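I am attaching a structure below and will ask some questions about it afterwards.
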Amino acid sequence: MACVGSNGELTESARRMLAALENPATPEQVAAHTELPLFRVRGGLREMAEAGLVELNAGVYASTQQGRALLSAKR
Amino acid sequence: MPNSESTLQDPSHTAASAQPASLPRLGMPAPLFEAVTTHGKIRLDDYHGGWVVLFSHPADFTPVCTTEFMAFAAIAPELRQRNVELLGLSIDSPTSHIAWVRNIKEKFGIDIPFPIIADLNKEIATLYGMIMPGESKTETSRCVFVIDPVGIVRAMIYYPLTTGRNTAEIIRLIDALQTTDKHHVATPANWKTGEKVIVPPPATMEEVDARLEAGFECTDWYFCKKAV
């Protein structure tokens with residue numbers, strides 16, 4: 001999965017997206033905050049949702065406890 | 001043959017061995033897909049709200065394709081300014097794509113900033129009619145599909161295996177399509193940004209009279225231009 005590398009750590013783009021979810025946000029808001037292309041944010045957030053790192057409610061993504069734990073883990 | 005029948009009855013089936021129900025057509029919705037790319041899994045509708053230039057190349061580590069990729073990389077910033085993203089495709093693996101992208105960086109010093117679909121099972125190539133069996137049954141030809149922000153196919157270009165594409169023409173095409181959408185006009189042969197555009201021909205006598213009074217630059221009632 002592209003959001004988590006082979007070493008079990010978040011990829012750089014996933015880290016940026018998760019960091020942008022300090023407060024719940026739409027993909028458009030995450031794209032604006034991270035300066036990543038919107039298509040990439042949509043795909044990345046979807047993959048992170050499948051991995052349980054974020055959750056989607058009514059078009060707004062929020063990080064999960066698992067996502068926050070991975071984000072705060074030492075690199 | 002039961003398998004063939006079930007394939008034909010399922011309009012969503014897009015396996016490599018199946019023929020798609022219909023190839024892309026101008027003005028029709030672009031066939032949706034989810035793909036493995038060098039930037040992770042991408043769905044076509046992830047691009048909703050922006051333009052996409054979906055293009056295929058025959059194979060990684062081939063010389064014409066390498067020149068094309070460097071040319072596409074060169075126009076990527078100009079396209080992004082126009083709210084357009086590039087999306088490449090070939091019948092190669094993600095590993096091959098990654099190795100080739102790294103090779104282009106190493107040998108030519110050029111970053112490839114856009115994702116490349118690894119379409120090993122030919123699913124999307126078949127869905128979009130990118131394989132021309134008269135040229136090759138194992139490679140995609142040089143196809144370009146311009147898809148607009150609501151997912152409609154707006155232009156298609158097909159080049160043979162031997163001939164690299166002209167990326168300046170792709171920018172010109174995008175500019176023409178976006179100008180058409182913004183101003184409800186058409187563009188003449190060899191039009192470039194800043195040049196006068198064609199006012200669509202009138203369909204009624206009332207429109208003929210109206211346009212003759214509108215101050216357009218008219219050679220005849222059906223042939224009028226204006227600046228935008």
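Nothing in this text is a laboratory measurement; each read-out follows from the coordinates by a stated rule. Being a predicted model, the structure only gives us computed values, none of them experimental. Methodologically, a virtual Cβ is constructed for each residue, glycine included, from the backbone with ideal geometry; neighbour enumeration extends over all protein chains shown.
Using a Gaussian network for chain B with springs between C-alpha atoms less than 10 Å apart, which of these wobbles most: B:Glu206, B:Glu78, B:Glu195?
Greatest mean-square fluctuation among the candidates belongs to B:Glu206.
Ratio of Rg to Rh for chain B, alpha carbon only, Kirkwood?
Taking Rh as the inverse mean 1/r over Cα pairs, Rg/Rh reads 1.05.
OK, next. In whole Å, how far is the Cα centre of segment B:137-166 from that of segment A:36-75?
Measuring centre to centre over Cα atoms gives 33 Å.
So which lysines can B:Lys122 reach, going by Cα to Cα under 26 Å and dropping same-chain residues fewer than 8 places off?
Once the sequence-local lysines are set aside, what remains near B:Lys122 is B:Lys41, B:Lys137.
In chain B, which whole DSSP H runs stretch at least 18 Å along their own axis (Cα) and average 0.5 or higher on the Kyte-Doolittle scale?
B:63-81
Give the lysines reachable from B:Lys182 as a straight Cα distance under 19 Å; neighbours fewer than 8 places away on the same chain don't count.
Cα-Cα hits under 19 Å: B:Lys192, B:Lys196, B:Lys225, B:Lys226.
Using the count of nearby Cβ atoms within 10 Å as a rough guide to exposure, how do B:Val146, B:Val64 rank from fewest to most?
Placing the least packed residue first, the sequence is B:Val64, B:Val146.
Pick out, from B:Thr126, B:Val101, B:Ala59, the residue whose Cα sits farthest towards the positive end of the charge dipole of chain B, with +1 on the Cβ of Lys and Arg and -1 on the Cβ of Asp and Glu.
Checking the options against the dipole of chain B, the answer is B:Val101.
What value, in deg cm²/dmol to 500, does the helix sum -39500 (n - 2.57) over DSSP H runs of n ≥ 4 give at 222 nm once divided by the residues of the protein assembly as shown?
Using -39500 (n - 2.57) per qualifying helix, the result is -11000 deg cm²/dmol.
Now, a different point. Counting partner chain Cβ atoms within 10 Å of every residue's Cβ in B:175-188, what's the average?
If you average over the peptide's residues, the count of other-chain Cβ atoms is 0.
If you count, for every residue in B:41-50, the Cβ atoms of partner chains within 10 Å of its Cβ, what is the mean?
So the per-residue partner count for this stretch is 5.
What is the fewest-to-most order of B:Thr162, B:Thr187, B:Thr180 by other Cβ atoms lying within 10 Å of their Cβ?
Listing B:Thr162, B:Thr187, B:Thr180 from fewest to most nearby Cβ atoms yields B:Thr162, B:Thr180, B:Thr187.
Would you mind ranking A:Phe39, B:Phe61, B:Phe55, B:Phe216 so that the residue whose beta carbon has the fewest other beta carbons within 10 Å leads the list?
B:Phe61, B:Phe216, A:Phe39, B:Phe55
Separate question: Are there cysteines in chain B with no other Cys C-beta under 4.7 Å, and if so, which?
B:Cys65, B:Cys143
Could you work out, residue by residue across A:43-54, how many beta carbons of other chains sit within 10 Å of that residue's beta carbon, and then give the average as an integer?
2
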